[in-house]
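Just so it is clear, none of the values below were taken in a lab; they were calculated from the coordinates. From a predicted model like this one, the values you see are computed outputs, not experimental measurements. Don't worry about glycine lacking a Cβ; one is built from the backbone with ideal geometry, like all the others, and counts go over all protein chains shown.
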Amino acid sequence: MTASLQTHPSDPDREETIVSITAADAPAAETLTVIPHIVGGERIVADGRTGPVYNPATGRQSGEVALASASFVHEAARIAQQAQRGWRDTGLGKRQQVMFRLREVVAARAEELARIITAEHGKTVDDALGEVARGLENVEFCTSLMHHLKGDYSEQVASGVDVHQVRQPVGVVACITPFNFPAMVPLWMVTTAIAAGNAVILKPSERDPSAAVWLADAFAEAGLPAGILNVVHGDKEAVDALLDDPIVRAVSFVGSTPIARHIYARAAANGKRVQALGGAKNHMVVMPDADLDAAADAAVSAAYGSAGERCMAVSVVVAVGEVADPLIAKVAERIGGLVIGDGADPHTDMGPLITRDALERVRGFVAGAADEGARVVVDGRGLAVDGEGFFIGPSLVDAVSPGMRVYDEEIFGPVLSVVRVATYDEAVALINGNRYANGTALFTRDGKTARQFEYDIEVGMVGVNVPIPVPIGAFSFGGWKDSLFGDTHMYGPEAFNFYTRRKVVTTRWPEASESQVSLGFPTH
């Protein structure tokens, strides 16, 4: 099989994909499906490198994904650039209609998308449906693009002088999205970028790439012109090509802190606008006056949902005063009632991890915790599940403190640590001293304590009796410190700021007799 991007014979400004399959290349019945790129509206399975895609519940390879070369990325960027010119000229009302239709397409087929996510990520179907619903919040927010793209106007700022400001798209945007939310995060980024008049190159995680292809098809069904949303799969070679390509003017990223730092530095050095969201170590403070049953329910739900593979998962419970022992007992009791298995099974509460490497890494954190002096209350390594899936049970670790690897590093797995402190002030100092500052939560019945916590805490997203404080679509998502590189949060109002540039126009229509030479600096 060969594939290339070539100039269309009847229109030199348009490129099309040429894909050919020889008889010798025709796949056998047992050949794994190759997940294609989508560039300029065409599915492309380029010859060259591929990567494996697994079903985490079985541990078996379910497909292959094409991995783009740097030259392929550049050709995709050129096609996106050409398409963007027409999309920018498209009236806001027509763009708005695409968003309305997209919302209906995704909502009507949400379970289909959720099952694709489950098959490649491993999370339960219910959890995947929740992911789709949260992504749809941003689609709905973007249906009001006419309002979000409004400019400003001031008349008579000086005699006969008016000033107005407009928002214009940046051009071609790269959206590099993580494996843990293969539908929600693309919908956070891509929808806003497109609503603002940009063309997008979406580079999803190569671990679970099929959801991105599904979303591209949904956009096309909603009426989005070809070339405005392009899906290019790849690894570091493709990512670095996006960071270096001069056609790409802005980069959005969600992933680990080391990669976020690399993307921010390299893209910014190339003159690009960048928002790069990194890792997290989310603390949940439980005060002595808290409802312990509600706190235990919240801790289990937020720590072990999606096998802990959420940037907003609670990974540390900070137990204040004498609350630790009864809270730990309640959490451990609830862990015992969880069903671990294939996410496609409706009885499953928690599915597998994404890869075998992730599984071994999480096992290492649990093993190392005891070696460093912590107490493993519940050890998930003993879980037995039939087959070769990437399963581990929930773990609960007590007597954790800063300096231990289980505390200092982002685990991204179903491990909940408990840190004991004597006072509220110690809890705040612990959280504010952590290099991650994505999300945090406080459980209390006291409004004064809650208000003080909101004021004191140095974290981007705060929940009060809410364990996963992911903002609704009308607000923006993002942390502080090493959880965010760049100064713009994701989705919501800040996203329209990121994906547009402001242009200020000063206008004067003088009479001919008013014209004169003046070398002085203009004043009002």
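So here's what we get for this one:
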| read-out | value |
| --- | --- |
| Calculated from backbone phi, Karplus (6.51, -1.76, 1.60) coupling profile of the stretch 487-501 in Hz, x at Gly/Pro | 10, 10, 7, 9, 6, x, x, 5, 5, 5, 5, 5, 8, 10, 10 |
| Percent RCO, i.e. relative contact order, over the stretch 282-464, from Cα pairs under 8 Å lying at least 6 residues apart | 28 |
| Hz values of 3J(HN,Hα) by residue in the stretch 471-485 - Karplus curve (6.51, -1.76, 1.60), Gly and Pro given as x | x, 5, x, 7, 10, 10, 10, x, x, 10, 6, 7, 8, 8, 10 |
| Listed candidates (i) 76, 57, 44; (ii) 85, 72, 40; (iii) 81, 63, 50 - label of the one calculated as Cα extents along the principal axes in Å | (ii) |
| C-alpha long axis of helix 125-142 to longest principal axis of the chain, angle in ° | 30 |
| Calculated FRET value between residue 126 and residue 435, using beta carbons and R₀ = 35 Å, to 0.05 | 0.60 |
| Cβ-Cβ FRET estimate between residue 381 and residue 422, R0 fixed at 30 Å, reported to 0.05 | 0.40 |
| Folded to 0 to 90 degrees: helix 210-221 orientation relative to the chain principal axis, Cα | 40 |
| Long-range amide H partners of residue 477 with built H, under 5 Å | 490, 491 |
| For the chain, share of DSSP beta bridges that run antiparallel, in % to the nearest 5 | 45 |
| Spacing of the two label points (7 Å from each Cα toward its C-beta) at residue 62 and residue 329, in nm | 4.2 |
| Angle in degrees between helix 292-304 and the longest Cα principal axis of the chain, rounded to the nearest 10 | 60 |
| Ellipticity estimate at 222 nm from DSSP helix runs (n ≥ 4, -39,500 (n - 2.57)) divided over the chain, nearest 500 | -11000 deg cm²/dmol |
| Net charge contributed by nearby residues that have their C-beta within less than 14 Å of residue 464 (K/R +1, D/E -1) | -2 |
| Förster radius 41 Å - calculated FRET efficiency between residue 156 and residue 89 (Cβ-Cβ, nearest 0.05) | 0.85 |
| Rel. contact order, % - alpha carbon contacts under 8 angstrom, at least six apart, the stretch 429-507 | 28 |
| Equivalent ellipsoid semi-axes, the stretch 303-432, via Cα gyration tensor eigenvalues times 5, rooted, Å | 26, 15, 13 |
| Euclidean distance between Cα centres, the stretch 274-345 to the stretch 191-244, Å | 33 |
